Amino acid sequence: MKLVHKQIVRNRPSGVRPGIIAACLLFLALPAGAADLAEGSSAPDFTFTAPGGGTHKLSDYRGKPLVLHFWATWCGPCIRELPLISALGSRTGDLTTLAVNCAETDQEVSSFLRDRKFSLNVVMDRTGHISELYNIYAIPQTFMIDAEGVIRSVRVGAYSQRELNRDISALLGR
């Protein structure tokens with residue numbers, strides 16, 4: 001890829017800036033199908049084992065809006081955002097939140113949550129399959145999914161309280 005990049009830079013027209021070229025190369029480097037998960041597309045289904053045991057599918061949660069949040073214990077923006085995501089779980093039952101941990105061990109996650117007193121419905125993505133299915137290329141990343149399983153918004157990066165409230169209100173039709 002470096003060779004291609006050098007060739008593009010060397011032969012670029014005089015009005016093209018290196019930043020534009022870098023943005024185009026980044027877009028080309030995104031996983032194939034990333035555009036498939038745009039707003040209005042169906043949320044890909046997957047199977048997981050719940051922390052309390054039992055196998056579930058994402059589609060089992062249809063019928064009520066869902067926040068699907070990808071995170072890791074080593075991610076600074078994730079750590080700053082997790083109190084907001086954790087607080088969603090205490091809502092009045094009008095919303096389901098699933099926090100997908102990206103490829104860490106049960107011990108790492110349980111210790112992290114216990115130390116910080118977070119209460120999350122954690123889905124362990126030990127193999128990276130769920131992250132791959134959702135084309136996760138950066139975390140935190142959050143999908144707002146309506147009751148019919150349609151993605152209503154995708155957020156790459158940490159939410160502020162105001163932004164999260166705005167997207168939750170839109171998801172709930174308020």
Confirm whether S41 is hydroxyl-bearing (S, T, Y), closer than 20 Å to E132 by Cα and either more than 14 Å from the chain's Cα centre (by Cα) or at pLDDT 50 or above (or both). yes
Search the range 60-87 for residues being touching a residue at least 40 places away in the same chain (Cβ under 8 Å) and surrounded by fewer than 14 Cβ atoms within 10 Å (Cβ to Cβ), and hand back the single one that is nearest to I168 (Cα to Cα). K64
Go through the residues of the range 94-103 one by one and say whether even a single one is surrounded by fewer than 18 Cβ atoms within 10 Å (Cβ to Cβ) and touching a Phe, Trp or Tyr at 6+ places or on another chain (Cβ under 9 Å). no
H56: in a strand (DSSP E or B) and either in contact with a Gly (Cβ under 6 Å, 6 or more places away or on another chain) or closer than 20 Å to R152 by Cβ (or both), yes or no? no
Could you say whether any residue in the range 8-31 is at pLDDT below 95 and closer than 24 Å to N165 by Cβ? no
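The values are calculated or read from the model by the stated rules, or taken from the named source; none is laboratory data. Quantities reported herein were computed from a predicted structural model and do not represent experimental measurements. Positions of Cβ are generated from backbone atoms using ideal geometry, with glycine treated the same way; all protein chains shown enter the neighbour counts.
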